[in-house]
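The values are calculated or read from the model by the stated rules, or taken from the named source; none is laboratory data. For clarity, every value in this text was computed on a predicted model and none was experimentally measured. So basically every Cβ, Gly included, is an ideal-geometry build from the backbone, and we count neighbours across all protein chains shown. For accessibility, only protein heavy atoms count, side chains too; no ligands or nucleic acids. Shrake-Rupley method; radii C 1.70, N 1.55, O 1.52, S 1.80 Å.
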Amino acid sequence: MKRIGLLTSGGDAPGMNAAIRAAVRTAVHYGMEVYGVMRGYAGLIDDELVPMDAGSVSNIASRGGTILRTARCLELLEKEGQDKAAATLRKYGIEGLVVIGGDGSFMGAKMLTEQYGVSTIGIPGTIDNDLEYTDYTLGFDTAVNTCIDAVDKLRDTMESHERVAVVEVMGRHCGDIALYTGLATGADTVVLPEAPYDIGEIAARIEKTRAAGKHCNIIIVAEGVMSGEAFAERIRSLVKYDVRATNIGHIQRGGMPTMADRVLGARLGNRAVTLLHGGAANRVVGIRKNEIVDFDIIEAVSMKKRFDSKLYETLQTISM
Ligand code: F6P
């Protein structure tokens with residue numbers, strides 16, 4: 001394979017730049033040419049490609065976001081958009097494509113392989129950690145650390161005012177950001193899409209902790225359950241304390257990637273291009289038990305994400 005393309009798609013995630021850097025540098029190592037596709041599949045459809053070399057990815061591993069920009073592209077769902085995307089790849093003589101994004105982005109990669117014969121490799125770039133085939137997705141660690149920082153700060157002011165904080169975090173349908181943030185910050189309660197909850201019990205727990213001498217309460221709510229504001233409204237009607245809702249929002253998608261995300265990005269980017277170089281197609285890379293692994297794309301996206309109930313039990317046992 002002489003020439004490959006590289007794109008980021010869907011919600012950005014810290015560590016994407018580290019993966020881009022590793023993919024480009026690995027391609028240079030194998031003597032392959034690389035084109036960066038701007039704005040994800042939208043740039044593929046609109047022919048927005050830029051040649052990349054080792055120098056184009058200098059000093060980017062420490063930066064959040066994605067230098068290639070990203071988009072959620074509905075046009076790729078239509079035949080016309082798909083034809084245009086494939087025509088752009090043909091025009092540039094690109095035989096292999098690395099797609100960094102979540103499960104929706106992987107479906108675009110699969111379509112290009114199956115319908116147009118383009119070799120594609122997916123890298124799981126999303127803060128949500130919602131893919132079963134990999135222990136961690138790129139960006140999850142940084143996003144959780146950002147949430148931890150926010151909750152630690154909130155705790156100071158909540159304690160001064162003796163309030164109840166309801167903190168909404170992202171994750172789409174997955175509660176991992178909420179679970180890990182709750183465990184790391186010592187939140188009283190974590191409300192997740194994967195586990196049932198009883199609002200009356202949560203209110204009773206607040207009373208119990210106050211009676212035991214606590215001056216504030218932190219409740220983490222995953223966006224997949226409901227908004228933080230809606231949850232705060234429900235709690236407000238059940239307790240006598242002042243309740244405030246905070247939505248960490250898109251702040252959790254930005255910022256300098258952590259060591260974990262930089263190293264993961266480097267390892268995944270390297271493996272993705274090494275697979276393309278070896279003639280693989282229609283695969284995704286990930287990490288399991290600290291080993292870089294790869295799976296067939298369909299096998300990977302059809303695995304149902306398992307809920308870490310042991311971690312949840314641990315949280316419940318030690319939150320008092
Ligand atoms: O998939 C990443 C994610 O940040 C989700 O956690 C969230 O639901 C969604 O993207 C937000 O998307 P947007 O940036 O389009 O508002």
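In sequence order, region 236-246 has phi-based couplings of 3, 6, 10, 10, 8, 8, 6, 10, 10, 9, 10 Hz under the Karplus curve 6.51 cos²θ - 1.76 cosθ + 1.60, θ = phi - 60°, and Gly or Pro positions carry x. Excluding ligands, DNA and RNA, the accessible surface per residue across region 142-254 is 43 Å² with a 1.4 Å probe. Each principal axis of region 1-112 carries a Cα extent, and these read 37, 29, 20 Å when sorted largest first.
Other residues within the sphere of radius under 15 Å centred on the Cβ of E80, judged by their own Cβ, net out at -3 (K and R +1, D and E -1). In degrees from 0 to 90, rounded to the nearest 10, what is the angle of the helix 259-277 Cα long axis to the longest principal axis of the chain? Approximately 30 degrees, to the nearest ten. Normalised by the number of residues in region 21-106, the average gap of Cα pairs under 8 Å and 6 or more apart makes the relative contact order 28 percent. Extent along the principal axes, Cα only, for region 77-184: 62, 26, 22 Å, with the longest axis given first.
Label positions at E48 and I148, each projected 7 Å from the Cα along the C-beta direction, are separated by 3.5 nm. Note on the chain: with neighbouring protein chains present and a 1.4 Å probe, carbon and sulfur make up 51 percent of its accessible heavy-atom surface. Relative to the dominant Cα principal axis of the chain, helix 199-211 is inclined by about 60°.
Packing, as the average of other Cβ atoms within 10 Å across residues, places the peptides 293-302, 213-222, 51-60, 132-141 in the order 132-141, 213-222, 293-302, 51-60, highest first. In a reduced charge model with +1 at each Lys and Arg Cβ and -1 at each Asp and Glu Cβ, region 163-301 shows a dipole moment near 420 debye about its Cα centre. Global size of the chain: 21.5, 70 Å for Rg and Dmax (C-alpha atoms, Rg to one decimal, Dmax whole). Entry note, region 142-254: relative contact order of 41 percent, from Cα contacts under 8 Å with a spacing of 6+ residues. Phi-derived couplings, Karplus 6.51 cos²θ - 1.76 cosθ + 1.60 at θ = phi - 60°, listed residue by residue for region 283-298: 10, 10, 10, x, 10, 9, 6, 6, 10, 6, 10, 9, 9, 4, 4, 5 Hz, with x used for Gly and Pro. For the chain, the relative contact order comes to 24 percent (Cα pairs under 8 Å, sequence separation of at least 6).
A helix-only calculation puts the chain at -13500 deg cm²/dmol for mean residue ellipticity at 222 nm, using -39500 (n - 2.57) for each DSSP H run of at least four residues, averaged over all residues. Full extension of the chain between H173 and S56 gives 38.6 nm of extra length, using 0.36 nm per residue less the Cα-Cα distance.
Take the chain, connect every pair of alpha-carbon atoms lying under 10 Å apart with a spring to form a Gaussian network, then pick out the residue of R205, R21, R63 with the largest mean-square fluctuation. Top of the fluctuation ranking is R205. The C-alpha atoms of the chain define a longest principal axis, and helix 140-161 lies at about 20 degrees to it. Taking a straight line from the alpha carbon of K208, these lysines sit under 19 Å away, with near neighbours fewer than eight places off in the same chain left out: K240. Across q = 0.12, 0.15, 0.22 Å⁻¹, region 142-254 modelled as identical point scatterers on its alpha-carbon atoms has Debye log10 I(q)/I(0) values of -0.35, -0.56, -1.24, in the order of the q list. Based on the reciprocal of the average 1/r between different C-alpha atoms, the Kirkwood radius for region 186-243 equals 11.8 Å.
Would you look at the GNM of the chain, springs on alpha carbons closer than 10 Å, and say which of A87, A211, A61 moves the most? Judging by the Gaussian network model, the answer is A211. This model, with +1 at the C-beta of Lys and Arg and -1 at the C-beta of Asp and Glu, gives the chain a dipole about its Cα centre of some 460 debye.
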